[in-house]
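The values are calculated or read from the model by the stated rules, or taken from the named source; none is laboratory data. For clarity, every value in this text was computed on a predicted model and none was experimentally measured. Reconstructed Cβ throughout: ideal geometry from the backbone, glycine too, with neighbour counts over all protein chains shown.
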Amino acid sequence: MNTNRSGGVPAIEFRNVSLSFDSGVVLDDISFKLEQGEMLFLTGASGSGKSVLLRVAMGLLKPDSGQVFIEGREIENLDESELLGIRGGSMGIVFQEDSLFTGLTVYENAAYRLEEHGWSEDEIKQAVSEVLKFVGLDGEEEKFPEELSGGMKRRLEIARALIGWPRIMLFDEATMSLDPLAALKVLDLIIRARDVNRISSLYVTKKMNEIPYLTSNRPRTPVLVLDKGKIVFNGPVEEFLESDLPAIKELLTLDHHNHFEDPYFPNPWDKRRVAKEPIL
């Protein structure tokens, strides 16, 4: 378990961050802190800026103004190799889309990040064994993604993100398209990663049922609600669940967004990756 924590320094901090595309303002004066070892929820209707905010936190997009800090380091001042080092060492990311390598086995998918960052074969073997056991995929090492169920694939995605026990995890709609039982297993893994390994988690979701489940014993867990790029609510989950704000009530209605048009995110650890057109 990774115990190298930056005591007193937020895991992630946004200070007055704004970003615009040709279509208009996407993030408007965003400020918040994700404290070490804590979870923060980010929610809002489709197109509210959640995915853009995550990409800014990863350093895949640079804001027009404001500052972003990862464990006290302002990422605006880092070059691409330093950003890749943060994503490969301090940060794990679970995208809403399936991003497994179909030609690699379960073991190889889980080991990929560590191989990219020069871990020894023995270190990788131990780390993969530990993380696959954590997500309940021990014994499945030689299978390929096509041989796994949807829930198992998602747990492998989480294993790949958790490998080496990063201090920060970003979850972008981690249970999308999963049946309720598979989604529950994923939520339980996220709780264990937070509570046992003290991983700081920024959790993006539009599924309102997930928030009380993940905070059943943590009523003061912060929730941010984005609406057209602005933070319209920033407070504890207990106040969020009782709020009469229109933006929060809207989240309780059916989501009519066509997720087949959602973007494909490039692998953020690939040294050969190129920037792609940002989308909301």
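Within region 169-187, no residue satisfies the criterion of being closer than 17 Å to V56 by Cα and modelled with pLDDT under 90. Exactly one residue out of L83, L100 is in a helix (DSSP H, G or I) and either farther than 28 Å from G139 by Cα or modelled with pLDDT under 95 (or both), and it is L83.
For (1) among the charged types (D, E, K, R); (2) more than 18 Å from L148 (Cα to Cα); (3) surrounded by 21 or more Cβ atoms within 10 Å (Cβ to Cβ); (4) in contact (Cβ under 8 Å) with a residue 12 or more places away in the chain, each residue gets a yes or a no:
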| position | (1), (2), (3), (4) |
| --- | --- |
| F101 | no, no, no, yes |
| E108 | yes, no, no, no |
| A111 | no, no, yes, yes |
| E116 | yes, yes, no, yes |
| V128 | no, no, yes, yes |
| V131 | no, no, yes, yes |
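Mind checking whether some residue in region 226-235 is buried (at least 21 other Cβ atoms within 10 Å of the Cβ), part of a helix (DSSP H, G or I), in contact (Cβ under 8 Å) with a residue 24 or more places away in the chain and out of contact with any Phe, Trp or Tyr (no Cβ under 6 Å at 6 or more places or on another chain)? So far as region 226-235 goes, no, none of its residues is buried (at least 21 other Cβ atoms within 10 Å of the Cβ), part of a helix (DSSP H, G or I), in contact (Cβ under 8 Å) with a residue 24 or more places away in the chain and out of contact with any Phe, Trp or Tyr (no Cβ under 6 Å at 6 or more places or on another chain).
Could you tell me how many of the residues in region 173-195 are assigned to a helix (DSSP H, G or I) and of a type in the set (G, A, S)? First the steps, then the outcome.
From region 173-195, those assigned to a helix (DSSP H, G or I) are 180-195; that's our starting set.
The next check asks that each one be of a type in the set (G, A, S); those that pass are 182-183, 193.
Looking only at that region, the number is 3.
Note on region 1-24: residues that are closer than 17 Å to P63 by Cα, modelled with pLDDT of 95 or more and hydrophobic (A, V, I, L, M, F, W, C) total 4. If you go through region 12-38 and keep only what is of a type in the set (D, E, K, R) and either within 19 Å of the chain's Cα centre (by Cα) or surrounded by 19 or more Cβ atoms within 10 Å (Cβ to Cβ) (or both), you end up with E13, K33, E35, E38.
Have a look at L162, L148 and point out the one that is over 30 Å from V9 (Cα atoms) and hydrophobic (A, V, I, L, M, F, W, C).
On the way: L162 fails: over 30 Å from V9 (Cα atoms).
Going through L162, L148 in turn, just one is over 30 Å from V9 (Cα atoms) and hydrophobic (A, V, I, L, M, F, W, C): L148.
Filtered by the rule that a residue be over 15 Å from N234 (Cα atoms) and in a helix (DSSP H, G or I), region 24-52 gives S51, V52. The single condition among (1) touching a residue at least 40 places away in the same chain (Cβ under 8 Å); (2) closer than 30 Å to W119 by Cα; (3) surrounded by 16 or more Cβ atoms within 10 Å (Cβ to Cβ) that T221 does not meet is (2).
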